[in-house]
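Some notes on the structure that comes next.
The values are calculated or read from the model by the stated rules, or taken from the named source; none is laboratory data. Note that the coordinates shown come from a computational prediction; the quantities given were computed from them, not determined experimentally. A quick note on method: Cβ atoms are made from the backbone with ideal geometry, for glycine too, and the neighbour counts reach across all protein chains shown. Keep in mind that these areas ignore ligands, DNA and RNA; they rest on the heavy atoms of the full protein, side chains included. Shrake-Rupley method; radii C 1.70, N 1.55, O 1.52, S 1.80 Å.
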Amino acid sequence: MCGIVGYVGPQQAGRILLDGLSKLEYRGYDSAGIAVRDNDRPIEIVKAKGRLKVLAEKTNNGDALRGTTGIGHTRWATHGEPSVTNAHPHHSNDSSVVAVHNGIIENYQEIRDKLTRHNYTFYSETDTEAFVNLIDYYYKKYSMGPIDAISKAMVRVRGSYAIAVLFKDYPNEIYAARKDNPMIIGVKDGASYLASDVPAILNYTRNIYYIDNLEIARLTPGEVHFFNIDGDEVEKESVEIKWDAKAAEKNGYEHFMIKEIHEQPQAVRDTINSLVKDDKIDFTEAGLTDEIIGKINRIYIVSCGSSYHVGVAARYNIEKLAGIPVHVELASEFRYRSMPMDPESLFIVISQSGETADTLAALRLAKEQGLSTLAIVNVVGSTIAREADHVIYTMAGPEIAVATTKAYSAQLIVTYLIAIQFALVRGRIDEERYTALLTEMQTLPKKITRIFEDTERIQWFAAKHSNDKDIFFIGRGLDYGISMEGSLKLKEVSYIHSEATAAGELKHGTISLIENGTLVVGILTQNELIEKMLSNMEEVKSRGAYVLGLTTYGNYKTEDVADFTVYIPRTEEMFTPSLAIIPLQLLAYYISVSRGLDVDKPRNLAKSVTVE
């Protein structure tokens, strides 16, 4: 959601702010704005509705605003419609305090009412304007400095926020604070930067600081100081980001999504190599010892979106291989249940960004109940990574397209390794089987690459079905988990109504929606379930469906039923999600391209959901 950037240093800020915001477009937004100042000159604000290019045109690519200190924002509307008025930055009544904000202030109306009684007026419908004026109120009423004024406002507001603030009386300084919304800060060569996410400042610095919950930061050229909510200074160590800056560029691909689809062999290979050392699974860095594994009676996997679908696949594999009961829960629903949990359980959360609001809240709830927690995340130093007892990093690198592809694939690898290691420790498999599984896993990158050879056929098929109104995905067992992700990818980027249904549930409603020509994607990679799946595909075909069959080489009976068949290389059945998802990602991508849509930035969607 929303994107924040900030810069203070020797260079003109306008172009740097716009460049940073362009790297955050994947987060989703409907308007944008920047505020720039130079020493004692007034703070200048320019805002625009729509894409960032509109703001760039209004500011001559940032050059129209002169100043070496500034903040910028891409807004995702929550309070108030998308408009120039509601766009950020927002300012206090006399424009002496200017801020950009991510998150939601839940008691903003209460704050507005309070400030109205103190003669404050409001020009927008946003919760952010209330926050800005509250800071201004404390700043003036108590004649306190920026740190104390922000701290007092933080105590008063309820909700989530990452906020960057300029004060008229403090040129060449930016103040920032956060609660439950991500923010990073970087320093290099006499300049300081802040942003919502790493790609925004990766071209300028690789050494970043993570500001913690309920902390405040003061940025000056080349320096940053951190304070707790009581105003006491705290020490922090910087973290080096090892991503290649070019990894956040398209590098000749038309869209980030297709680039990231093709980066999956490398993401899979890097994730395996980070966790398999000398032909053994090594969870040492995560602190997940065999002794800890041996004591676990039950596993809970809690996540959202595609990460939830990883959890669904993981449940089948862990239960079958390791014999441990697994509960898979949507983080957004888990928080509102009263589920008794076994204290000898492992609570696993999965998040690409490590900042997903509902997943973070579920993690905190599990920690309150004394469960051991494990995070599977892609971003080093993210909030979820810092708060979990154990953390395993996926090696997907930066993922820019809103619809996840390579992060999903890297997460799958981690869950395979968890299933295998748990199975070995618990005596469910022997060393020979353990070695065979790891050996086969090493072949997955090459097998994924082989699937790309079928791209032209999939592209042709996608164009043929780009005007479909409804598409259904069916599967059984592990294939049902794959179908859920395939369906989600399609609806995310094509805006076609899509559903994933457990094939055995067709007669409980879904089959009534099948009409002549309706596309049904049947996934058949599990040998013991292929005959049942073929019967289900016959059922929908007899009602007029056009059937795409996705199966492994050798299952040629599929062609007797399917109108169009896509094959994937054979592998261990527990690894098939890593291969079967590739044609489904390509199908979604090429349907979106055929429809002329914005593949990387689908409407109404954001990369990282950092508010409830």
| Single residue of the range 483-493 satisfying the filter (open to solvent by less than 10 Å² (accessible area, probe 1.4 Å) and within 19 Å of the chain's Cα centre (by Cα)) that is nearest to Ala462 (Cα to Cα) | Leu490
| message | Can you confirm whether Gly381 is surrounded by fewer than 23 Cβ atoms within 10 Å (Cβ to Cβ) and under 15 Å from the mean Cα position of the chain (by Cα)? | response | yes
| message | Could you check the range 352-372 and list, in sequence order, the residues that are at positive phi and open to solvent by 40 Å² or more (accessible area, probe 1.4 Å)? | response | Gly370
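One line per residue, one yes/no per condition, for (1) touching a Pro at 6+ places or on another chain (Cβ under 9 Å); (2) within 18 Å of Thr510 (Cα to Cα):
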{"site": "Ile448", "(1), (2)": "yes, no"}
{"site": "Ile451", "(1), (2)": "yes, no"}
{"site": "Gly475", "(1), (2)": "no, yes"}
{"site": "Gly481", "(1), (2)": "yes, yes"}
{"site": "Ser498", "(1), (2)": "no, yes"}
| message | Just the residues that are assigned to a loop (DSSP other than H, G, I, E, B) and surrounded by fewer than 24 Cβ atoms within 10 Å (Cβ to Cβ), please, taken from the range 2-19. | response | Gly9, Pro10, Gln11, Gln12
| note | Taking the range 305-350 and the residues there that are of a type in the set (D, E, K, R) and part of a helix (DSSP H, G or I), the one that is surrounded by the fewest Cβ atoms within 10 Å (Cβ to Cβ) would be Glu333
| note | Counting only residues in the range 506-525 that are over 17 Å from Val561 (Cα atoms) and among the hydroxyl-bearing types (Ser, Thr, Tyr), the one most open to solvent (accessible area, probe 1.4 Å) is identified as Ser512
| query | For the range 513-599, which fully contained helices (runs of 4 or more DSSP H) count at least 1 residues that are hydroxyl-bearing (Ser, Thr, Tyr), modelled with pLDDT of 95 or more and on the phi < 0 side of the Ramachandran plot? | reply | 576-594
| Somewhere in the range 21-39, is a residue in contact with a helix residue (DSSP H, G or I) (Cβ under 8 Å, 6 or more places away or on another chain) and polar (S, T, N, Q)? | yes
| Residues located in the range 192-207, provided they are closer than 20 Å to Thr356 by Cα and either open to solvent by 10 Å² or more (accessible area, probe 1.4 Å) or outside any loop (DSSP other than H, G, I, E, B) (or both) | Leu194, Ala195, Asp197, Val198, Pro199, Ala200
| task | Please specify each residue of the range 445-482 satisfying the condition of being under 24 Å from Gln264 (Cα atoms), of a type in the set (Ser, Thr, Tyr) and surrounded by 17 or more Cβ atoms within 10 Å (Cβ to Cβ). | result | Thr455, Tyr480
| message | Return the residues of the range 59-81 that are surrounded by 15 or more Cβ atoms within 10 Å (Cβ to Cβ) and over 16 Å from Glu25 (Cα atoms); say none if nothing qualifies. | response | Thr59, Gly62, Leu65, Gly67, Thr68, Thr69, Gly70, Thr78, His79, Gly80
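Every residue, every condition in (1) touching a residue at least 40 places away in the same chain (Cβ under 8 Å); (2) touching a strand residue (DSSP E or B) at 6+ places or on another chain (Cβ under 9 Å); (3) farther than 30 Å from Arg364 by Cβ, yes or no:
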site: Gln109; (1), (2), (3): no, no, no
site: Glu129; (1), (2), (3): no, yes, no
site: Tyr142; (1), (2), (3): no, no, yes
site: Pro171; (1), (2), (3): yes, yes, yes
site: Ala176; (1), (2), (3): yes, yes, no
| query | Before we move on, is Val540 in contact with a Phe, Trp or Tyr (Cβ under 8 Å, 6 or more places away or on another chain) and either of a type outside the set (D, E, K, R) or surrounded by fewer than 17 Cβ atoms within 10 Å (Cβ to Cβ) (or both)? | reply | yes
| request: Could you tell me whether Glu456 is in contact (Cβ under 8 Å) with a residue 24 or more places away in the chain and either under 30 Å from Phe564 (Cα atoms) or charged (D, E, K, R) (or both)? | output: no
| request: Go through the range 29-52 residue by residue and tally those that are open to solvent by 70 Å² or more (accessible area, probe 1.4 Å) and either at pLDDT below 90 or more than 32 Å from the chain's Cα centre (by Cα) (or both). | output: 5
| query | So, of the residues in the range 556-583 that are among the small types (Gly, Ala, Ser) and either touching a Ser or Thr at 6+ places or on another chain (Cβ under 8 Å) or within 18 Å of Thr415 (Cα to Cα) (or both), which turns out to be surrounded by the most Cβ atoms within 10 Å (Cβ to Cβ)? | reply | Ala580
| remark: When every residue in the range 208-239 that is under 20 Å from Gly9 (Cβ atoms) and small (Gly, Ala, Ser) is compared, the one most open to solvent (accessible area, probe 1.4 Å) is Ser238
| Is it fair to say Asp189 is open to solvent by less than 60 Å² (accessible area, probe 1.4 Å), at pLDDT below 95 and acidic (Asp, Glu)? | no
